[in-house]
Structure formats: C-alpha cells, structure tokens
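The values are calculated or read from the model by the stated rules, or taken from the named source; none is laboratory data. Computed from a predicted structure; not experimentally measured. Please note: Cβ atoms are built from the backbone with ideal geometry, for glycine as well, and neighbour counts cover all protein chains shown.
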Amino acid sequence: MPRLEPGTPAPDFTLIDQDGTPVRLRDLRGAPVVLFFYPAAMTPGCTTEACDFRDSLGPLQAAGYTVMGISRDDPAKLRAFRERDGLTYPLLSDPDHAVHDAYGAWGEKMNYGKVVEGVIRSTVIVDAEGRVEHALYNVKATGHVARVRALLGLG
C-alpha cells in the first residue's frame, strides 16, 4: 500500500473503540492526533509500545495531542488490553484493516526471514487541520515513543 507523505490530507475514518463507541477522525479536528498502528493487543512488543505511549501521555496531552492506538483486535480484546495495562487513551478496532490500508500500515513485511502480509508497525501524526505532519513506518516497539516525542519537540 502507498505510504502517506507529510502535508497530504489524513484519510478520514470511523472506527469503534474498546467500549463500542464510534470514533471519527474528523471530529478531532482542531487538535493534533497521534495514531499508532500495532499488530496485536497483549503481545510483548505491542504492550511495550502501548505502555510507552501511556507513560508519555502527560507531555503529549499537555502539548494538545490526542493519542489513539489502532489494531485489528475486536473491542473486547482491546478493552481487556486497556484494563490489564492501565492504558488511558482510546484503542480502535479495524478488523478488516481498511484504515491500516488507507494509512499504509498494512502490506508485505519480513517476519522471521519470511515475507508475510500484515500490520506494519507505524505512527502517523495528524495536525490540527487534518493533514499528515509525520508518517513513520516499520518502527520498532522499543524506543519509538521517545523518537515521536523528540520529533514533536517534547524530548
């Protein structure tokens, strides 16, 4: 799938969160949004990344950012993940990976030396006007949130 470039409009979407509530990206206009795409709730790498975002939520929110995680997991699993790890931001369910596709976070990748199709761990930062500010692909779970914070000047 094509990757998003800075300055392009962020694809709008409506997804269901961990509580079954619809979340529309366009409803968040007026403030910047951090969207991180991760392969699967409650796996070691995804837990590390999600908890790093949780631990950095204070500075991100103080700078006006809304953080949301997106995976293919169903709302019940997302709710369990959120509760288990004390995640305090929305987790969105994209079971058919349509939003992953639109954001370039789905496609071929190497997994243990084999080419497979699946989630490409990615973070897209959308500015207050709904345009892509940063699009980071093939990121590592560990240390990634510190890189995001540095990019946003929140070191």
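For region 124-138, a tally of residues being exposed (fewer than 15 other Cβ atoms within 10 Å of the Cβ), under 17 Å from ARG24 (Cα atoms) and not charged (D, E, K, R) returns 1.
Going by the conditions given, is GLN61 in contact with a Lys or Arg (Cβ under 6 Å, 6 or more places away or on another chain) and not charged (D, E, K, R)? Considered against the rule, which asks whether it is in contact with a Lys or Arg (Cβ under 6 Å, 6 or more places away or on another chain) and not charged (D, E, K, R), GLN61 comes out as no.
Check VAL116, VAL132 and return the single one that is farther than 17 Å from LEU154 by Cβ, assigned to a strand (DSSP E or B), at pLDDT 95 or above and more than 11 Å from the chain's Cα centre (by Cα).
That would be VAL132, the only listed residue that is farther than 17 Å from LEU154 by Cβ, assigned to a strand (DSSP E or B), at pLDDT 95 or above and more than 11 Å from the chain's Cα centre (by Cα).
The one condition from (1) within 14 Å of the chain's Cα centre (by Cα); (2) surrounded by fewer than 18 Cβ atoms within 10 Å (Cβ to Cβ); (3) of a type outside the set (S, T, N, Q) that ALA141 does not meet is (2). Just one of the listed residues (ARG54, ARG26, ARG79, ARG72) is touching a residue at least 24 places away in the same chain (Cβ under 8 Å) and surrounded by fewer than 13 Cβ atoms within 10 Å (Cβ to Cβ), namely ARG26. Exactly one residue out of GLU108, GLU83, GLU49 is touching an Asp or Glu at 6+ places or on another chain (Cβ under 9 Å) and not in a loop (DSSP other than H, G, I, E, B), and it is GLU108.
Does region 101-123 include one or more residues that are of a type in the set (D, E, K, R), under 14 Å from PHE36 (Cβ atoms) and buried (at least 20 other Cβ atoms within 10 Å of the Cβ)? Quick ask: steps written out before the conclusion?
Taking region 101-123 first, the residues of a type in the set (D, E, K, R) are 101, 108-109, 114, 117, 121.
Next, from what is left, pick out any that are under 14 Å from PHE36 (Cβ atoms): 121.
Subset that is buried (at least 20 other Cβ atoms within 10 Å of the Cβ): 121.
So far as region 101-123 goes, yes, one or more of its residues are of a type in the set (D, E, K, R), under 14 Å from PHE36 (Cβ atoms) and buried (at least 20 other Cβ atoms within 10 Å of the Cβ).
The residue that is surrounded by the most Cβ atoms within 10 Å (Cβ to Cβ), counting only those in region 29-46 that are of a type outside the set (Gly, Ala, Ser) and part of a loop (DSSP other than H, G, I, E, B), is TYR38. Among the conditions (1) farther than 19 Å from LEU28 by Cβ; (2) assigned to a strand (DSSP E or B), the only one that MET68 does not satisfy is (1).
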